[in-house]
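Q: A single structure is presented below for examination.
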Amino acid sequence: MFIRIPLLALFTGTLFMLVSCQPNDTVTPAQSGSVSSQNLREGFLPTFPKHYQLTKHGEATLSYFDDGRLRKVVHTGTSVRGGMGLYTLYIYSAHSVVTKTYNGNSFIQEIKFLLDANTGYCYESQQIDYIPYGPNTTLAQETGYLYQYDGNGRLKSRTNKKYTYEKTDFIYNAGGDLSKIISYDKANGNPGVVVVSEAALSYDQPTGDPILSDLYPLNGEAANLPDTYLRIFGKSGKHLVKLVTEKYSSKGQYYTYVLNSDGYVTTRNTYNVSGGTLANTQAYEYLVTNLVVQL
């Protein structure tokens, strides 16, 4: 059972126990040179870790169930006048997570993530996109992917279940951070399979900046996974990516970060490698609470 205990209540209880456990014959009147109550309080209070829960990510607003699981993401940047805009609901069962996405009152997408009973990692995703076709008709387009992991619990590959030539490989550096993403597909409709994109990720760029710890990992855009926030795609890297470049393209992006005093990202700026222009600024907001105390 976990109970949140306010710091003041915890201190008061600790102080009471310390005083009440002293033998009566050792209690003496306070001396003029005694430590102030402020210093006494600071001396008894330990430094409690903080629990961070992301509530704002750029234009997205996140809300949670009481047990901490993600409940809803509202994508406010694409709101519909007079409606709820674009939003995603999260539904959990023993070995799966289902996301349902709506645009206003229109149901536009459902993804079911099947989870391994031992690791909790997604081994298959089943996606249905509902595409408007005429005034009163909707087409259902189904896509499925299979996920494999290496011996360290890191995502190794993502493969289209029906068209197995459509595949993405994930490669990691010695520190366990994602360093390369290689995507394959058919060669101009021919049976052969070729590399269609190869992204390289760096963590100490662009000018040899210090490597920054990633204290709240999200599924990065470069990985092209079907959900940004669910931590079901294997073990996360430990550092913030600074640079993403494409081997067969002049396109690329580099990132700068603003961190708070605890080291969590509060702002991420995205720049285009070509020309160095600012492409996007994302603000991060969190619900911060003291770590619960186990009784």
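Q: How large is the Kirkwood hydrodynamic radius of segment 133-177, in angstrom, based on all distinct alpha carbon pairs?
A: In segment 133-177 this quantity evaluates to 13.0 Å.
Q: May I pose another question? Enumerate the lysines that residue 156 could reach by cross-link, defined here as Cα to Cα under 16 Å, with residues fewer than 8 away along the same chain left out.
A: Output for residue 156: 167, 180, 235.
Q: May I ask you to evaluate 6.51 cos²θ - 1.76 cosθ + 1.60, the Karplus curve with θ = phi - 60°, for each residue of segment 92-98 and list the ³J(HN,Hα) values in order in whole Hz, giving x for glycine and proline?
A: 10, 9, 4, 10, 7, 10, 10
Q: Please report Rg (one decimal) and Dmax (integer) in Å for the Cα set of segment 50-290.
A: Considering segment 50-290 through its Cα atoms, Rg and Dmax are 18.9, 58 Å.
Q: For residue 124, what residues show an amide H to amide H distance below 5 Å, using hydrogens built from the backbone and excluding near sequence neighbours?
A: Amide H neighbours of residue 124, under 5 Å, 5+ apart: 114, 147.
Q: Starting from segment 117-164, pick out the trypsin sites (Lys or Arg not before Pro) whose DSSP state is loop and whose Cβ has at most 10 other Cβ atoms within 10 Å.
A: 162
Q: For residue 72, give me every one of the aspartates and glutamates with a C-alpha distance below 20 angstrom, ignoring sequence neighbours fewer than eight places off in its own chain.
A: Within the straight-line cut-off, residue 72 pairs with 59, 110, 129, 221, 227, 285.
Q: Counting Lys and Arg as +1 and Asp and Glu as -1, each charge on the Cβ, what is the dipole of segment 50-290 about the Cα centre in debye, to the nearest 20?
A: 140
Q: Turning to a different aspect of this structure: As a test question: what accessible area, to the nearest 10 Å², does residue 71 have when a 1.4 Å probe is rolled over all protein chains in place?
A: Its heavy atoms expose roughly 90 Å² to the probe.
Q: Order 267-279, 94-106 from most to least packed using the mean count of other Cβ atoms within 10 Å.
A: With the highest mean Cβ count within 10 Å placed first, the list reads 94-106, 267-279.
Q: Using a 1.4 Å probe on the protein heavy atoms, what percent of the accessible area of segment 50-290 belongs to carbon and sulfur?
A: Carbon with sulfur: 48 percent of the solvent-accessible area.
Q: Okay, next question. Taking 1 over the mean of 1/r across every pair of different Cα atoms in segment 212-292, what Kirkwood radius in Å do you get?
A: One decimal place: 14.3 Å for the Kirkwood radius.
Q: Related question: Can you tally the net charge around residue 72? Count Lys and Arg as +1, Asp and Glu as -1, for every other residue whose Cβ sits under 14 Å from the Cβ of residue 72.
A: +2
Q: Calculate, for segment 50-290, the solvent-accessible area per residue in square angstrom, rolling a 1.4 angstrom probe over the heavy atoms of the protein chains.
A: 56
Q: Looking at segment 85-188 from every direction and averaging, what is the projected area of its Cα convex hull in nm²?
A: 9.5
Q: Another question, then. When the Karplus curve 6.51 cos²θ - 1.76 cosθ + 1.60 is applied with θ = phi - 60°, which whole-Hz ³J(HN,Hα) does each residue of segment 60-76 get, with x for Gly and Pro?
A: 8, 10, 10, 10, 9, 6, 4, 7, x, 6, 5, 9, 7, 10, 9, 8, 5
Q: Okay, next question. Give me the net charge of residue 245's neighbourhood, meaning all other residues with Cβ under 12 Å from the Cβ of residue 245; Lys, Arg count +1, Asp, Glu -1.
A: Computed value for this residue: +2.
Q: Hey, another quick one. Within a Cβ distance under 15 Å of residue 260, other residues only, what is the Lys/Arg minus Asp/Glu net charge?
A: Spelling it out: positives minus negatives among the neighbours equals 0.
Q: Pairs 161/247; 162/186; 50/238; 50/112: which are spaced more than 21 Å apart, C-alpha to C-alpha?
A: Check vs 21 Å cut-off fails for 161/247; 50/112.
The values are calculated or read from the model by the stated rules, or taken from the named source; none is laboratory data. No experiment lies behind these values; they were computed from the predicted model shown. We place every Cβ from the backbone using ideal geometry, glycine too, and count neighbours over all the protein chains shown. What goes into the accessible areas is simple: the full protein's heavy atoms, side chains included, and nothing from ligands, DNA or RNA. Shrake-Rupley method; radii C 1.70, N 1.55, O 1.52, S 1.80 Å.
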